[in-house]
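Notes follow the structure.
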Amino acid sequence: MEFGVLGPVVAWDRQQVDLKGPRHRAVLARLIVARGRVVPARVLVDDLWSDPPEGALSALRTFVAALRRAIEPDRAPRAPARVLVTDGPGYALRTEAVDAWRFESVVRAASPTLSELQDALGLWRGPAYAEFADEPWALPERTRLTELRLRAVERIGETRLESGLAAEAVPDLDAHVAEHPWREDAWRLLALALYRSDRQGDALAVLRRARETLVGQLGVDPGPALARLERDILNQATHLTPPGNARTETAPPGNGRAEIAPPGHGRAEGAPAGNVWAEAAAAYDRAVGGTRARIESTVGLLRNLAVTGGGGLEAARRHRLAAVRAAEELGDPDVTARIIGAYDVPAIWTRSDDEAQSAAIVAAAERVLPTQDHPSIRARLLATIALESRGSRDIRPREAAREAEQLARGLDDPALLAFTLNGVFMQTCYRAGLAPERDAIGAELVTLSQRHNLFTYEVLGHLIRLQSACARADHTAADDHAAAADTLAVRHELPLVEVFTRWYAALRADTPESYRAAATLLTSAGMPGLAEGLLPLALATHAIRHNQPIPPADYGPHTPWVHGTITPAAHRTTRDAPHGGAEPRRGGGVLEPPAGLLLEVHLGLVVHAARRSEDGELLAVAQEALAPAAGEHAAGSGLVTLGPVADYLG
């Protein structure tokens with residue numbers, strides 16, 4: 001049995017254990033805070049109730065008994081408890097299996113490795129003791145663990161610098177100082193990482209920002225470490241660069257150091273653009289007030305960053321979760337709700353790029369949703385749940401998408417409606433044959449966006465309609481939508497659009513060479529959920545349609561469907577499938593490819609494999625699932641095709 005407090009309080013025994021109600025979890029959390037020491041029953045009662053009712057002690061014993069049944073299910077009747085024990089006047093938890101303690105042991109170790117630190121930081125699922133943020137007994141431990149987490153981020157930066165990975169350290173340290181601008185060591189590490197990445201001007205600009213932030217917001221001067229680093233950078237001190245990591249010479253010949261414009265001076269012609277950005281960032285720091293304002297304004301930057309290209313998308317994805325966690329640490333649910341809901345970046349692909357992060361954002365949205373009454377905020381949270389649950393067959397994300405849309409239609413906010421329609425689109429792939437529904441969503445997005453100048457959602461609408469046209473084999477319409485998307489992408493500098501339109505062009509050319517050429521765009525796209533296994537899948541579908549053997553390859557997430565090696569899901573019949581979705585039986589289980597734009601392709605692959613292996617049962621269930629798309633082509637992704645679905649139903 002393992003216990004988790006780096007986020008909501010949970011217990012695992014191969015799967016999550018039901019800990020009953022909030023007071024049961026509070027008892028467990030309070031005992032974990034005590035770190036094995038006995039907590040008297042009367043103390044527990046006072047901690048659980050601000051005004052203990054009559055019978056509180058009896059209720060506490062009931063909570064303890066229920067917890068024991070949950071965390072020691074195999075304990076024989078009347079056998080003494082081994083984990084949650086009674087000791088004298090109270091109770092204690094006898095275990096070492098707590099995520100916070102494992103995290104702490106790594107961070108406090110003398111020389112942990114980079115991977116150990118990253119794994120330790122990955123244990124965090126949200127703010128420590130998340131649901132007990134306001135409890136006085138939890139506050140000191142929450143504060144201590146939060147400080148250790150911040151130190152872990154800085155130790156990762158230090159370790160990367162020591163390993164010659166300065167450029168890799170910059171993005172995380174940059175996000176770290178944005179969220180915690182009072183930490184001088186974070187500023188020092190960021191400036192040093194920039195300097196060792198041959199960005200001397202940016203390093204000095206960061207130190208200026210640190211000084212302005214500390215003086216302007218806290219009324220204190222930077223400490224000697226920051227002052228010494230600034231002096232050393234100006235002098236290009238040799239000790240700043242470890243042996244074997246000499247910096248690239250950037251100063252003009254004969255010049256001892258690069259010219260840094262003094263604050264308030266304009267940039268000379270030909271000076272690095274980074275100086276202009278740094279000065280703008282410093283002005284931004286002066287204008288924006290406290291931590292809440294900084295975190296909220298950061299999301300707007302991340303939205304813009306996400307559409308600039310692969311590196312920008314990856315950075316936005318990483319910093320977004322950091323912003324959500326920083327908001328939760330503030331203990332203000334309104335700020336957290338706004339942070340989560342403000343990231344309304346259009347999404348076209350139905351497989352997550354980072355499932356763990358998506359799950360963390362969904363969990364945060366679900367935690368804060370009950371605290372929000374305003375329909376606009378609720379709609380954004382619900383749309384986020386729908387978008388981040390892409391690929392899920394659960395009913396909850398579908399319900400969230402429809403509720404978000406309903407709320408948005410009652411408000412005069414076109415951008416919000418577009419965001420919620422994106423969520424509805426993402427949840428319209430749970431069974432075969434839904435391309436017409438997605439086409440209607442795309443058509444509304446195009447019309448709405450043209451009327452209100454929502455160009456990113458206009459691109460999304462055209463790409464959705466391109467996909468739906470491919471499912472109808474209407475390539476004339478698909479060509480028009482691809483051209484419209486490309487035109488908008490050039491006008492508004494949206495480089496990721498080309499990934500989808502070039503892949504569509506490869507589908508139209510339908511040669512292995514065209515698919516391989518399109519695949520070159522995936523390397524820098526920053527979309528692993530799209531890229532993983534896509535080229536081998538395209539080559540496999542091409543081989544099947546041309547009666548050729550499927551080439552051996554690493555098909556990634558598509559492997560079970562290419563080879564027909566299906567693992568039955570939990571027992572369920574077709575009649576049990578939500579919304580009448582055809583999820584056919586197989587050997588006591590259910591054939592369930594992931595919900596997404598490749599659903600018809602996956603099912604067609606299973607039909608092909610079943611025919612070759614003469615597996616009649618597998619063939620029947622796959623054809624039943626595929627039947628609703630009988631009049632379509634298995635090409636609803638706009639990227640790969642298996643040709644007419646009817647060919648797989650005979």
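Computed values, structure above
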quantity: Counted residues, region 281-328 - those being at pLDDT 75 or above and in contact with a Ser or Thr (Cβ under 6 Å, 6 or more places away or on another chain); calculated: 3
quantity: Wholly enclosed helices (runs of 4 or more DSSP H) of region 527-568 bearing at least 1 residues over 18 Å from THR641 (Cβ atoms), modelled with pLDDT under 90 and over 25 Å from the mean Cα position of the chain (by Cα); calculated: 559-563
quantity: Every residue from region 621-641 that is crowded, with 24+ Cβ neighbours inside 10 Å and at negative phi; calculated: VAL621, ALA622, ALA625, LEU626, ALA629, ALA634, ALA635, GLY636, SER637, LEU639, VAL640, THR641
quantity: Test for ALA478: is it open to solvent by 40 Å² or more (accessible area, probe 1.4 Å) and of a type outside the set (Lys, Arg); calculated: no
quantity: Any hit, region 184-196, residues being at pLDDT below 90 and not aromatic (Phe, Trp, Tyr); calculated: no
quantity: Among residues of region 343-361, those that are buried (at least 20 other Cβ atoms within 10 Å of the Cβ) and farther than 24 Å from SER637 by Cα, counted; calculated: 2
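The values are calculated or read from the model by the stated rules, or taken from the named source; none is laboratory data. None of the values given here were measured: they were computed from a predicted structure. Every residue, glycine as well, gets a Cβ built from its backbone with ideal geometry; the counts of neighbours run over all protein chains shown. Note: areas computed on protein heavy atoms with side chains; ligands, DNA, RNA excluded. Shrake-Rupley method; radii C 1.70, N 1.55, O 1.52, S 1.80 Å.
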